[in-house]
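One structure is given below, encoded as structure tokens.
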Amino acid sequence: MADAYDDLLDRFGRISALGDSGGVLYWDQQVTMPEGGTPARSKQLSALSAVTHEKLTDDETGRLLDAAADEDLTDEQRAVVREIRREYDRERKIPESLVEEHTRLQSEAQDDWREAKANDDFSAFEPTLERLLDLRIERAEHIDPDRDPYEVMFEDGEPYLGLDTVERIFEELKDGLVPLIEDIRASEDVPPVFDGTFDTDTQRELSEAALDLLGYDWDRGRLDTSTHPFTSGTQFDARITTRFDESDLLGALSSTIHEFGHATYALGLRDDAYGTPLGDSRSHGVHESQSRFWENHVGRTKEFWELFLPTVKDHFPELSDVTPEEAYRAANRVEADNVIRVEADELTYHMHIILRSEIEREFVSGDLAVSEIPAAWDDKMEQYLGVRPDSDAEGCLQDIHWTGGFARFQNYTVGSVLAAQLWATIEDELDDPRGLIREGDFEPLHDWFRENVHRHGQRYTTDELIRQATGEELTADYFLDYAEEKFGEIYDL
């Protein structure tokens, strides 16, 4: 019995390795797998998820958890037992057959979504989306039949930050951002754009140069393209994907820096804790705080453009007359008429997240039929941003996320709110962080995040980690102050 904790760690390490193997298969499906590979890949992922579920929920895992809890453990070890226990308790309630079916359908649904989007035909995706909803509600009811299924789904990715807290923050953001966006729309002081056609191979070279500058570890990562940018991996292998558009130079650059933030979090986790909760990221919201920090609080600053614009000009000489101030303003141009979330600016982005979250909450609750989603989407887009999509491909079919789950979109905005709070703390604790960006000295920022966020893994709950890092509970105040000051200056409000 004295070795129960070590035995538990060994068992969970093998379970984690199975999960990471599924992540590599998913990366391959999105990046390099031939189009016809889905039937086999869906079965592979389904089988792997079933084996992972079986090992996690086995009676031996429960026995080791009980025995380890009785041992004399350190605070870190107790946190490990807490996290494994939580995962064990939730997954044990879900039938293995449901796990297999859900994983298989998620994989197949990605092809269904791609075809529906290509044909601008939401009705073709409706049966798949309805079946996904049925399976996810069934899963949530197995976990806790007495609670709102949507709240149970939200806790998959953000287990310790209550949905009520997030929805309160959303209301504060709507109150603050909607009038700010309206004022910006009415402003005559409009930032410039980077007009032109930008070769995608050269854009890739520029993205690689940005990653070099920021400190990406190429020995533990790589850059590829995918339909929807994402990051996948561990502290030993954190891979970035992005996408390129000849007419949008800044889009690929910002998405690359965004994904760099995700990869930096993974690569900053403790090597010696791999395969344990201490070597895994805290939550989706905390992960997004890292990507949004590097994308916005670094990549969209004046200081970054003073530093990086010469590199941009080296790759695209046609921009030789652009000044750092013009580049900064272009990178922060608010496009209120844009209907695509991943192309959205720093402010309107959150209106995209809020409208998606409201729609899926109604869909999960049964208040919105699947056939009503396109119209509801367009109506909310007009309500929050004053624009209607021209097609379902630009509207509710614009990205792949519903094939992977519901109650996840909130974490993009949680991440932005937390990123602003972290930036405010960094300004207090580091000597001239803006000057560090201007000089290209990013190591102090990396050190700060490794010390205050990354190295902890899942030792702390989300709210505890935020308090440890910033000294406060999560609040929207810093983001709203930051947005009003920054965009008020850019648009002369």
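Note on the chain: with charges restricted to the Cβ of Lys and Arg (+1) and Asp and Glu (-1), its dipole about the Cα centre is near 1060 debye. A compact globular protein would have a Cα radius of gyration near 2.2 N^0.38 Å; the ratio found for the range 366-493 is 1.39. The alpha-carbon of LYS117 sits under 23 angstrom from the alpha-carbons of these lysines, leaving out residues fewer than 8 places away in its chain: LYS380. Taking a straight Cα-Cα cut-off under 25 Å and skipping sequence neighbours fewer than 8 places away in the same chain, the lysines within cross-link reach of LYS55 are LYS43, LYS93. Model label sites at THR200 and HIS142, defined 7 Å from Cα along the beta-carbon direction, differ in position by 4.0 nm. Screening the chain for DSSP H helices whose Cα atoms reach 24 Å or more along their own axis and whose mean Kyte hydropathy is at least -1.0 gives 4-31, 38-57, 122-143, 163-186, 249-268, 349-365, 410-429. Taking the DSSP bridge list for the chain and keeping only pairs wholly inside it, about 60 percent are antiparallel.
Per atom type, the range 54-172 shows carbon and sulfur on 40% of its accessible surface, probed at 1.4 Å.
Ligands, DNA and RNA left out, the 1.4 Å accessible surface of the range 337-429 is 39% carbon and sulfur atoms. Per-residue surface analysis assigns MET351 an accessible area of about 0 Å², computed on protein heavy atoms at 1.4 Å probe radius. State the antiparallel share, in %, of DSSP beta bridges confined to the range 194-314, rounding to the nearest 5. Roughly 60 percent of the beta bridges in the range 194-314 run antiparallel, per DSSP.
At full extension, ASP481 and GLU151 could sit 115.9 nm farther apart than now, given 0.36 nm per residue minus the alpha carbon distance.
Distance from the alpha carbon centroid of the range 33-72 to that of the range 250-264 works out to 31 angstrom.
For the chain, the per residue solvent-accessible surface stands at 41 Å², with DNA, RNA and ligands left out and a 1.4 Å probe. Packing here is the average count of other Cβ atoms within 10 Å per residue, and on that basis the peptides 59-69, 133-143, highest first, run 133-143, 59-69.
So between ASP224 and GLU188, what do we pick up on full extension, going 0.36 nm a residue minus the alpha carbon distance? Display every interim value, and only then the final one.
Details: separation 36, 0.36 × 36 = 12.96 nm, distance 3.91 nm.
Result for the pair: 9.1 nm of gain on full extension.
Find how much the distance from GLU246 to ASP121 grows on full extension, using 0.36 nm per residue of separation minus their present alpha carbon separation; answer in nm with one decimal. Intermediate values should be presented prior to the final figure.
Details: separation 125, 0.36 × 125 = 45.00 nm, distance 2.60 nm.
Computed gain between GLU246 and ASP121 is 42.4 nm.
Of all lysines in the structure, the ones whose alpha carbon falls short of 17 Å from that of LYS313, not counting any fewer than 8 places away in one chain, are LYS302. Modelled spin labels at ASP272 and GLU96, positioned 7 Å past Cα toward Cβ, are 3.7 nm from each other.
Among VAL190, VAL370, the sequence by solvent-accessible area, most first, with a 1.4 Å probe is VAL190, VAL370.
Taking R0 as 60 Å, what's the FRET efficiency between ILE340 and ASP7 from their Cβ-Cβ distance, rounded to 0.05? Once the sixth-power term is evaluated, E becomes 0.75. With R₀ fixed at 22 Å, the C-beta to C-beta distance from ARG14 to ALA69 puts the FRET efficiency at about 0.60.
At a Förster radius of 25 Å, what calculated FRET efficiency corresponds to the Cβ-Cβ distance of LYS174 and GLU489, to the nearest 0.05?
Numbers: r = 23 Å, r/R0 = 0.91.
After rounding to 0.05, the efficiency reads 0.65.
The values are calculated or read from the model by the stated rules, or taken from the named source; none is laboratory data. Because the structure is a prediction, the values reported are computed rather than measured. Positions of Cβ are generated from backbone atoms using ideal geometry, with glycine treated the same way; all protein chains shown enter the neighbour counts. Surface areas here come from the heavy atoms of the whole protein model, side chains and all, with no ligands, DNA or RNA. Shrake-Rupley method; radii C 1.70, N 1.55, O 1.52, S 1.80 Å.
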